[in-house]
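In what follows, a structure is listed as structure tokens, so that the remarks can point back to it.
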Amino acid sequence: MIKIGFIVNPYAGMGGKVGLKGTDGCVKEAILLGAVRGSPAKASRFLSAITRKDIHFFTAGGEMGAEELSSAGFSYTCLYNPPPPLSGGDRFTTAEDTINACREFTKNDCDLIIFCGGDGTARDVYTCTGADMLILGIPAGVKIYSGVFATTPESAARLLSSWDGISSTYGEIMDVDEEKYRKGELDTRLFGYAKVPSSKVLCQSSKQVSYGDDGRATKEIASFITEIMRDDTLYLLGAGTTTGAVAESLGISHTILGVDAIFKGRVVGKDLNEERILDLIKDYDKVKIILSPIGAQGFILGRGNQQISQKVLDKTGTDALIVIATEAKLKGTSCLYIDTGSPEMNERFGDSIQVICGYRMAIRAKLAH
């Protein structure tokens, strides 16, 4: 039997759809804005896709792992229970809970710690393990810059199911200053390098930040996009410097780490969350969504732009998506990824997607889900 430490950050990723760009210190605000928890469902997707039988899990109580493992029918031992809330008060699981649980995992010589969360959760786990113990992330956060995550919950399950129990490689532990991130500033920090299991199943790379090295190509893309924009269509412009070049070409401001809405060359909505997008698109017959994949990781949907949700895509249709990226960015990843949170929705995009990569230039890129 292999021993797996398993922990779920039940509130990871809640800030995405409501436009908070993270959940650190903002769980209550996210809930007040109507956010719902997606992390437990992703943990359950991971567990339901595991095919190997020689596993015993060690976990934390309640919503931090025990509930998901019990529902999936796995053998497990609960090593840590988070404190109950004070009478009449709110208590959400914290980084301290994650760290305390991971300390128990290390005492029990787990072969691997698997966590469901985002970069903050990865940092908390790494606080206990350092570079000595294998870890693997199930992506559930708003921002996932670290290189210790599988690409989807299902790919994490495939990796575990095919892992020989020995092979490993290293991935970066990164995190973003969320206060600056909410103000549109990207401030990343490298915490260290963690061991991750290696197999034929792909883990995502650390995000690469573009500093304008392929600026000419970006301007050509922006020129072409502004040329084909129609006055009868609402455009949702996603995060990033490539999409920012489109805004610059139009002579308008852009939320570099958010989603803006443009109609007839004017901004009609800034830094939109899912709810505001859904309200806005009711008033327009035609809607297009302009997004650029994350550098090196290759994610078009599911990382940093959860506002463009399954509900939004149900309204606009998957053919509303316009993907833009320079050839230099595309060379940094073997394929592009879609992770809407719904396998059925992901499949609607097919196995390839058109990417505009220059002025009147496009290629078809391989697409994975």
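The values are calculated or read from the model by the stated rules, or taken from the named source; none is laboratory data. Remember, predicted model here, so these are calculated numbers, not experimental data. Glycine also receives a Cβ, built like all others from the backbone with ideal geometry; neighbour counts cover every protein chain displayed. SASA here: full protein model, heavy atoms, side chains in, ligands and nucleic acids out. Shrake-Rupley method; radii C 1.70, N 1.55, O 1.52, S 1.80 Å.
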* To do: Please enumerate the residues belonging to segment 202-228 that are at pLDDT 90 or above and among the hydrophobic types (A, V, I, L, M, F, W, C).
  => 221, 222, 224, 225, 228
* To do: Need at least 3 residues that are open to solvent by 60 Å² or more (accessible area, probe 1.4 Å) and in contact with a helix residue (DSSP H, G or I) (Cβ under 8 Å, 6 or more places away or on another chain) per element, so show me which helices (runs of 4 or more DSSP H) inside segment 298-369 make the cut, counting only ones lying wholly within it.
  => 310-316
* Could you tell me which residue of segment 25-46 is modelled with the lowest pLDDT, considering only residues that are touching a Gly at 6+ places or on another chain (Cβ under 9 Å) and crowded, with 22+ Cβ neighbours inside 10 Å? => 30
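Quick one: in segment 100-130, of everything that is charged (D, E, K, R) and closer than 26 Å to residue 302 by Cβ, which residue is most open to solvent (accessible area, probe 1.4 Å)?
123
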* Residue count, segment 213-237 (criterion: in contact with a Ser or Thr (Cβ under 7 Å, 6 or more places away or on another chain) and either in a helix (DSSP H, G or I) or not acidic (Asp, Glu) (or both)) -> 7
* Can you pull out the residues in segment 131-154 that are surrounded by 24 or more Cβ atoms within 10 Å (Cβ to Cβ), of a type in the set (Gly, Ala, Ser) and not in a strand (DSSP E or B)? -> 140, 141, 146
* Given (1) in contact (Cβ under 8 Å) with a residue 60 or more places away in the chain; (2) open to solvent by less than 20 Å² (accessible area, probe 1.4 Å); (3) farther than 25 Å from residue 172 by Cα, number of the condition residue 49 does not satisfy -> (2)
* Asked: Hey, residue 22 hits all of (1) under 27 Å from residue 277 (Cβ atoms); (2) at pLDDT 95 or above but one; which does it fall short on?
  -> (2)
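Residue-wise test of (1) surrounded by fewer than 19 Cβ atoms within 10 Å (Cβ to Cβ); (2) of a type outside the set (Asp, Glu); (3) under 20 Å from residue 284 (Cα atoms); (4) over 28 Å from the mean Cα position of the chain (by Cα).
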{"residue": "222", "(1), (2), (3), (4)": "no, yes, no, no"}
{"residue": "238", "(1), (2), (3), (4)": "no, yes, yes, no"}
{"residue": "243", "(1), (2), (3), (4)": "no, yes, no, no"}
{"residue": "246", "(1), (2), (3), (4)": "no, yes, no, no"}
{"residue": "251", "(1), (2), (3), (4)": "yes, yes, no, yes"}
{"residue": "257", "(1), (2), (3), (4)": "no, yes, no, no"}
{"residue": "267", "(1), (2), (3), (4)": "yes, yes, yes, no"}
